[in-house]
Structures are given as structure tokens and as C-alpha cells.
1. Check whether at least one residue in the stretch B:34-55 is facing another protein chain (nearest Cβ under 10 Å), surrounded by fewer than 19 Cβ atoms within 10 Å (Cβ to Cβ) and within 18 Å of residue A:272 (Cα to Cα), and report yes or no.
2. Taking the condition modelled with pLDDT under 85, within 14 Å of chain B (Cβ to nearest Cβ), part of a helix (DSSP H, G or I) and surrounded by fewer than 24 Cβ atoms within 10 Å (Cβ to Cβ), does residue A:52 pass?
3. For residues that are closer than 22 Å to residue B:58 by Cβ and in a loop (DSSP other than H, G, I, E, B), tally how many sit in the stretch A:11-35.
4. Take the stretch A:101-110 and flag every residue that is modelled with pLDDT of 85 or more, farther than 15 Å from residue A:58 by Cβ and over 9 Å from the mean Cα position of the chain (by Cα).
5. Count, please, the residues in the stretch B:1-30 that happen to be at the interface with chain A (Cβ under 9 Å from one of its Cβ atoms), free of Cβ contacts under 8 Å to residues at least 24 places away in the same chain and closer than 20 Å to residue A:328 by Cβ.
6. What is the residue count in the stretch A:352-372 for residues that are in a helix (DSSP H, G or I) and buried (at least 23 other Cβ atoms within 10 Å of the Cβ)?
7. Does residue A:242 satisfy the condition of being within 24 Å of the chain's Cα centre (by Cα) and at pLDDT below 85?
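The values are calculated or read from the model by the stated rules, or taken from the named source; none is laboratory data. These numbers come from a predicted model, not from an experiment. No Cβ is skipped: glycine too gets one built from the backbone with ideal geometry, and neighbour counts run over all protein chains shown.
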């Protein structure tokens with residue numbers, strides 16, 4: 001058992017796709033239990049019985065379209081017109097607009113490429129310190145994971161069986177808390193900044209007019225979701241249709257001939273996620289049958305007593321996990337195992353989800369595989385070490401907020417009934 | 001809303017999309033994998049580890065394709081239906097096809113690493 005586990009880990013480290021490693025593990029397990037291996041196909045086919053799954057391709061596609069359009073420019077212009085007069089305003093704008101953009105496009109690094117590339121020169125020009133700017137942009141790339149309709153949040157809901165509406169509600173305060181903490185730091189760090197733009201009614205109007213077509217999107221989608229008017233999959237369909245309508249028919253920013261390419265690119269990502277999801281339906285089922293969560297709990301229980309130390313161990317574990325696995329695979333693989341263990345320690349599944357995702361947000365900033373570090377290093381042509389050093393103060397702040405979110409469940413749970 | 005089976009049809013479409021996307025991801029080398037180790041390896045060693053990883057993936061997906069085919073055969077033999085009265089095997093056929101194509105992709109890639117880029 002341990003030997004096979006090690007062998008699979010070796011294949012994983014040699015670069016075999018994660019889905020094949022998971023499938024191999026599940027097949028070995030079923031084989032030993034003398035269960036016919038066509039169970040793999042039956043479980044994989046179970047993907048077609050998951051009702052909310054359709055939200056994944058739709059939101060991914062909408063996010064790809066949005067990041068190919070000029071809506072990042074318009075978002076920056078509008079928020080600058082509204083907030084540029086405030087000390088640290090541009091930094092705070094960057095945080096807020098990146099969070100919004102990430103919530104809609106998923107934290108796949110696209111925020112740094114699409115928005116960061118605009119914000120970084122603007123920040124430099126406005127007289128912010130370069131190191132601060134690098135850190136800020138790199139950090140902002142994964143901010144917003146906790147806000148609806150972020151894909152990781154939806155995926156956690158699908159995997160854990162927790163109501164996605166509750167997760168969307170639970171993410172609001174912790175997400176805002178992280179934002180406010182970073183915004184406060186940006187304000188404090190730049191309290192002596194001189195170059196502030198003046199408020200200009202004309203610029204505000206012009207910026208609003210320019211983004212008039214995109215402004216309804218967050219209002220309709222978020223309003224629809226939070227008021228319970230839309231189900232998640234309906235919100236996803238509305239978003240995808242609306243984004244096509246605005247960017248391709250009204251604004252004509254993306255030519256129709258680009259549509260097949262964008263569809264293909266987004267579906268490659270969806271395929272990669274669904275492959276992992278499909279095979280882990282099988283492996284999860286096997287592990288639950290084999291009583292793995294119970295055994296895991298027994299092991300954890302012999303080292304960890306009480307909820308407080310469990311949460312501590314969980315944070316350490318998730319930090320390491322986030323540093324080596326991408327967020328989607330981490331959710332699909334780990335949530336089914338730790339969910340039952342966490343509930344033994346009295347951790348609410350919704351709270352667990354928020355803690356999980358908040359900690360994963362840090363994983364984007366942790367070497368060796370922190371995605372944001374790589375994308376920033378690639379985009380701004382700096383070494384990973386330099387980027388990491390610039391990100392460090394933000395990392396510490398986020399770590400602090402994650403600890404607070406973990407040990408203060410009410411932050412996540414107060415908005416639920 | 002609409003026909004009683006639209007919901008089921010959409011969900012089946014997502015499954016198909018997942019597998020077709022999975023085939024495309026294999027083709028584009030965009031399957032999610034851990035590359036911290038292999039990225040740091042020297043080219044010659046990486047070629048060997050790549051062959052091992054590709055052969056492994058090809059075997060696993062080959063098995064998945066084979067057992068999916070058995071699943072589809074069973075479903076055909078039992079006359080399972082989906083979306084009111086459509087034969088289920090039509091919809092399930094994407095499983096063996098998808099896995100077989102992914103398997104093919106990795107066999108090809110392993111061979112290419114083994115023989116060289118001429119293949």
C-alpha cells in the first residue's frame with residue numbers, strides 16, 4: 001500500500017499527468033478489492049450526473065473572452081477616475097479591480113497578464129516605488145478567489161456537496177477582509193505620495209460612458225446570484241452570453257474568426273480540469289469505501305488534539321500543498337479526504353472551504369511553483385527571487401489574514417442563516 | 001422548463017466537452033502535471049523521465065479505454081437508456097474513444113522521444 005503510493009508519487013514527480021496518476025491509484029485499489037475495473041468508466045460517467053458542472057465551461061469561456069477584450073483598460077480607467085484622488089488610491093484601485101477581474105476569470109494568472117500589465121506602468125508613473133508595485137501586482141493576481149462567481153469556489157461546492165450559494169455568501173467578509181488589509185497597507189505605505197490625480201467630473205462621466213456595457217455584468221451576475229434569482233449555472237450561462245453579446249456584437253473588439261480559437265483554448269483548460277475530476281470521482285469513491293478518511297482521522301487524531309491545533313496543522317498542510325499543486329487539482333484531490341476529518345474536529349464545511357481557498361491563495365505566491373511568481377517574473381522580466389522579495393510584505397499580510405480567517409469562523413459563517 | 005430531458009442533455013454535453021477538451025489538452029501538452037522536478041533536469045535525463053511518464057500515461061489511459069469499452073458493451077447488452085428512451089451506449093461511447101485517443105497521443109509521444117523527432 002505504502003509502496004504503491006510512493007511509486008505513484010514518483011510517476012507524478014516525473015511529470016505524468018495528474019489524472020493518470022489518480023486513475024492508476026484508483027485502479028490498483030479496485031483491483032485489489034477484486035472489483036471489476038469498468039467501475040472506473042461508471043464513475044467517470046458520473047460527471048454527467050453533476051448538476052452544477054455546466055458552470056465550469058461557461059465561466060471559463062466568459063473569462064477567456066473578457067481577458068481578450070479591452071475591458072481591463074476600461075475597468076482601470078473607470079476606477080482611476082473614481083479613486084485616483086485618494087492617497088494610495090491607485091494601489092487600492094489595483095487591488096479592487098484585480099479582485100473583481102479574478103472573481104470573473106478564475107485565478108489562472110490571466111489577471112496579471114491582462115490587468116497587471118496595465119496597472120504596473122500606471123503605478124510606476126504615479127510615483128509608487130517599483131518594488132511595491134511588483135509585489136502588489138503579483139499578489140493581486142489571485143485576490144478575489146473568495147468572491148462569487150470564482151471557479152475554485154464553485155469547484156469546492158461541487159466536490160464537497162456544500163451549497164454554492166452559502167459559499168458565495170461566506171466568502172464575502174473574509175475576501176473583503178483580505179482586501180481591506182492590503183488596501184490599508186498600500187494607503188499607509190504611500191501616505192506621503194504627492195502625485196494625486198484630481199477628481200474630474202468629466203473624466204468620471206467619460207469613463208462610465210466607455211464602460212457602460214460592462215458595468216451591468218457584475219451587478220446582474222452578483223445581484224442575481226446573491227439574491228437567489230439565478231442558480232449558479234444560470235448565472236454562468238447569462239455571463240457567457242452577455243460577454244459574447246457585448247464584446248463581439250456591440251463593441252466588436254473580438255472578431256468572430258477568433259471565437260473558435262478562444263473556445264478551443266478555454267475548453268482545453270476545462271478538459272484538463274474535468275479529466276482530473278472524472279477520475280477522482282472513482283478514486284474518492286474507492287478511498288471512502290476503503291475507509292481512508294477514518295484511518296486518516298485516526299492518524300491525525302494521534303498527533304493533533306482539539307480544533308485549534310487541527311486548524312494549525314491544516315494551515316501548514318495547505319500552505320505546502322498550495323506550493324506544489326495548482327488550486328483545481330488541490331481541491332479535487334484533497335477536499336474529499338479532509339472534509340470528513342475536519343468535521344470530526346467540528347470545523348464547519350463552509351468555513352473549511354473558505355480557509356482552504358484563502359490558504360491556496362497564498363500558494364500562488366509561494367515558491368517553488370507559485371503561479372503568480374512565474375507569471376510576474378515572465379511578464380515583467382524579473383527573477384523569481386526578486387519578485388518573491390517584492391511580494392513578501394504582502395505575503396505576510398495575507399498569511400496574517402488567513403490565520404485570522406481560520407481561527408475566527410464567524411467571519412465566514414455570520415452571513416449564513 | 002422546456003423538454004424534461006434538456007437538463008440531462010446539457011450535462012451529457014459537459015461530459016463530452018470534458019473528454020474532447022481532455023484529448024485537446026493531451027495534444028497541446030496542457031494536461032495538469034507537476035513539473036518542478038522535470039523542469040530542473042538536464043535534457044538527456046529529462047528525455048528518459050519523459051519516456052517513463054509517457055509510457056505510464058499511455059498504459060493507464062489504455063486500460064481506461066479498454067474497461068470503458070467493456071462498460072459500453074455491458075450497457076449495450078442490457079439495453080440501458082438515457083434521456084427518456086435513447087440508447088445509453090451512444091452517449092457513453094465518448095469514454096472509450098476519448099481515452100483511446102489520449103492513449104494514442106502518449107504512445108506517439110513516447111515513441112517520438114525514443115526514436116527521435118523524425119517520427
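1. yes
2. Values: modelled with pLDDT under 85: yes; within 14 Å of chain B (Cβ to nearest Cβ): yes; part of a helix (DSSP H, G or I): yes; surrounded by fewer than 24 Cβ atoms within 10 Å (Cβ to Cβ): yes.
The answer is yes for residue A:52.
3. Let us first name the residues in the stretch A:11-35 that are closer than 22 Å to residue B:58 by Cβ, namely A:11-31.
Going one step further and asking which of them are in a loop (DSSP other than H, G, I, E, B), we end up with A:14-17.
Total satisfying the criteria: 4.
4. Across the stretch A:101-110, the qualifying residue is only A:101.
5. Here is the first cut: in the stretch B:1-30, the residues at the interface with chain A (Cβ under 9 Å from one of its Cβ atoms) are B:7-8, B:10-28, B:30.
Those left that are additionally free of Cβ contacts under 8 Å to residues at least 24 places away in the same chain: B:7, B:10-11, B:13-14, B:17-18, B:21, B:24-25, B:28, B:30.
Then keep just the ones that are closer than 20 Å to residue A:328 by Cβ; that gives B:11, B:14, B:17-18, B:21, B:24-25, B:28, B:30.
Number of matching residues: 9.
6. From the stretch A:352-372, those in a helix (DSSP H, G or I) are A:352-363, A:371-372; that's our starting set.
Applying the additional criterion that residues be buried (at least 23 other Cβ atoms within 10 Å of the Cβ) yields A:352-361, A:363, A:372.
Residues in the stretch A:352-372 being in a helix (DSSP H, G or I) and buried (at least 23 other Cβ atoms within 10 Å of the Cβ): 12 in total.
7. The answer is no for residue A:242.
Rundown of residues vs (1) farther than 30 Å from residue A:368 by Cα; (2) out of contact with any helix residue (DSSP H, G or I) (no Cβ under 7 Å at 6 or more places or on another chain), yes/no style:
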position	(1), (2)
B:45	no, yes
B:56	no, no
B:64	yes, no
B:73	yes, yes
B:76	yes, no
B:83	yes, no
